[in-house]
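Q: Handing you a structure now.
The values are calculated or read from the model by the stated rules, or taken from the named source; none is laboratory data. Since the model is a prediction, treat every value here as computed from it, not as a measurement. Positions of Cβ are generated from backbone atoms using ideal geometry, with glycine treated the same way; all protein chains shown enter the neighbour counts.
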Amino acid sequence: MLRYILLDVDDTILDFRKSQDEAIKYMLDYFGVFVDESMPEVYHECNAKCWRAYERGEISQAEIFPLRFKLLFDHYGIDTVPYMDAEHIYHPKLDTLAYPRDGAMDFLREISARYQIYIITNGAMKTQDMRLSSSGIDQIVDGIYISERVGYSKPNIKFFQTVKDSIDGFEENEAVVIGDSLTSDIRGGNNAGIRTIWYNPKGVENTTDVRPDYIVSTYQEIMDILPNL
Ligand SMILES: [Mg+2]
């Protein structure tokens, strides 16, 4: 019987893209840099590339922050803004922005009445702590695991081992991982021997070798599956 839900937060519960787009525009405005409307998508790709390298263990979390702006500025030929200056304007702004997806908070409250909910998130401690608290998520869930604090990131087995070891009575067969990322959430669940639900609201094609147990596009579908686990 299902008791524990390990739940991703960004783009599963919170609309990370909305926060990110707003913070990046704020930073470019701050430095008086003008770029065309392709920028949010280009930045998203640069950032995602860095996080994937981090998930594969190729770079440290600290290296992500200058590198993503190097990639962005190289793309547009911007050479007037030092990468870490961009980071120092962008990141504190991002810390203040947390937008729940439509229906996400109701979903979270409903599942938290029946199961123990643990947030599992790759990110900077300060950013995620602030966003989880300003959205009220920290008041609803039973625990929060942020990669920077854990010392390992999803999908590393050591991240999940830390989670398992710190939850009283945890059993893999009484747990499920829910998240939007095949490479961090679902691969992580596979690595840890925990069942997975891939939250895929945009209907993205799975081009990886990762195999989710369930694929859903709405919170309702998740709620329909949970009682059968
Ligand atoms: Mg996510």
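Q: Here are the criteria: (1) surrounded by 16 or more Cβ atoms within 10 Å (Cβ to Cβ); (2) modelled with pLDDT under 95. Tell me which single one THR12 does not satisfy.
A: (2)
Q: Take the conditions surrounded by fewer than 24 Cβ atoms within 10 Å (Cβ to Cβ), touching a strand residue (DSSP E or B) at 6+ places or on another chain (Cβ under 6 Å) and under 23 Å from ILE215 (Cα atoms) and apply them to ASP185. Does it pass?
A: no
Q: Here is a further query. Identify the single condition in (1) within 17 Å of the chain's Cα centre (by Cα); (2) in a helix (DSSP H, G or I); (3) surrounded by fewer than 19 Cβ atoms within 10 Å (Cβ to Cβ) that ALA23 does not satisfy, given that it satisfies every other one.
A: Result: ALA23 passes all but (3).
Q: For the stretch 142-226, which helices (runs of 4 or more DSSP H) that fit wholly inside it have 2 or more residues that are among the β-branched types (Val, Ile, Thr)?
A: Ranges flagged: 157-166, 219-225.
Q: Out of the residues in the stretch 7-24 that are within 12 Å of the ligand (Cβ to nearest atom) and aliphatic (A, V, I, L, M), which is farthest from ILE225 (Cα to Cα)?
A: If we take residues in the stretch 7-24 being within 12 Å of the ligand (Cβ to nearest atom) and aliphatic (A, V, I, L, M), then LEU14 is farthest from ILE225 (Cα to Cα).
Q: Also: Of all residues being without any contact (Cβ under 8 Å) to a residue 40 or more places away in the chain and among the charged types (D, E, K, R) in the stretch 69-105, which is farthest from TYR26 (Cα to Cα)? Just the residue, please.
A: Here the residue is ASP102.
Matching residues to (1) of a type outside the set (Val, Ile, Thr); (2) more than 16 Å from the ligand (Cβ to nearest atom); (3) surrounded by fewer than 16 Cβ atoms within 10 Å (Cβ to Cβ); (4) outside any helix (DSSP H, G or I):
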| site | (1), (2), (3), (4) |
| --- | --- |
| ILE5 | no, no, no, yes |
| ASP36 | yes, yes, yes, yes |
| ASN47 | yes, no, no, no |
| TYR54 | yes, no, no, no |
| ASP74 | yes, yes, yes, no |
| LEU97 | yes, no, no, yes |
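Q: In the list MET39, MET105, which residue meets the criterion of being aliphatic (A, V, I, L, M) and at pLDDT 95 or above?
A: Result of the check over MET39, MET105: MET105.
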